[in-house]
1. Summing -39500 (n - 2.57) over the DSSP H runs of n ≥ 4 in the chain and dividing by its residue number, what mean residue ellipticity at 222 nm do you reach, to the nearest 500 deg cm²/dmol?
2. Of all beta bridges DSSP finds with both residues in the chain, what is the antiparallel percent, to the nearest 5?
3. Express the accessible area of segment 2-72 per residue in Å², computed with a 1.4 Å probe while the remaining protein chains stay in the model.
4. In terms of modelled amide H atoms, which long-range or inter-chain residues lie less than 5 Å from the amide H of Ile3?
5. To the nearest 10 square angstrom, how much accessible area does Lys79 have with a 1.4 angstrom probe?
6. For the chain, modelled as a GNM with alpha-carbon contacts under 10 angstrom, which of Ala80, Ala108, Ala100 fluctuates the most?
7. Excluding ligands, DNA and RNA, what is the solvent-accessible area per residue of segment 76-155 at a probe of 1.4 Å, expressed in Å²?
8. Expressed as a whole percentage, what fraction of the accessible surface of segment 1-152 belongs to carbon and sulfur atoms when a 1.4 Å probe is rolled over the protein heavy atoms?
Amino acid sequence: MKINGDVVSLDVEPWVSLLDALRERLGLTGPKKGCDQGACGACTVLADGMRINSCLALAIQYDGSEITTIEGVSHPLQKAFVRHDGFQCGYCTSGQICSAIGMLAEHASGMPSAVTVSDELSEAEVRERMSGNLCRCGAYNGIVDAIMDVAGEEER
Ligand code: FES
Ligand code: FES
């Protein structure tokens, strides 16, 4: 597979999760293991541009795919999270940012959410679309402000 732009060859048992392959085999510790059962979003990475919970994915499913972890991200959201205090301990942050990148692409492609009433990316939309990413520090207001800031810039 391609990881953060580099072609990587991995020999893994079929039961190894993508998260464990990234963290334990490749030393990419940006994606975090919060719950290891798809409930927190700390492990979110981009697979061929789509956000996924890497703890729920088997590494072998992504044979030939392009995976992006926070280590391979260069996006205005990163500075926006700093500007808006979108974190405290930072444990959820790499997942939040990867998820937000995927979320903005989903919204731009016209994919609706449970609260969609128009094309506008409202605060309610952002909160709903980011609801799979938990923050134990409760930095949600800053996270939403950072995403709204960048989404606004992209529209301007
Ligand atoms: S560690 Fe994957 S969703 Fe929590
Ligand atoms: S910043 Fe601590 S869990 Fe989100």
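The values are calculated or read from the model by the stated rules, or taken from the named source; none is laboratory data. Everything numeric here is computed off the predicted structure, so don't read it as measured data. The area values use the complete protein model at the heavy-atom level, side chains included, leaving out ligands, DNA and RNA. Shrake-Rupley method; radii C 1.70, N 1.55, O 1.52, S 1.80 Å.
1. Working: 4 runs with 47 residues, N = 156.
Result for the chain, helices only: -9500 deg cm²/dmol.
2. On the way: 9 of 11 bridges.
Percent antiparallel among DSSP bridges in the chain is about 80.
3. Values: 3610 Å² over 71 residues.
About 51 Å² of surface per residue is accessible.
4. Val8, Ile67
5. In the full protein context, Lys79 sits at about 150 Å².
6. Ala108
7. Numbers: 4160 Å² over 80 residues.
Ligands and nucleic acids excluded, the figure is 52 Å² per residue.
8. Working: 3860 of 7670 Å².
Percent of accessible area from carbon and sulfur atoms in segment 1-152: 50.
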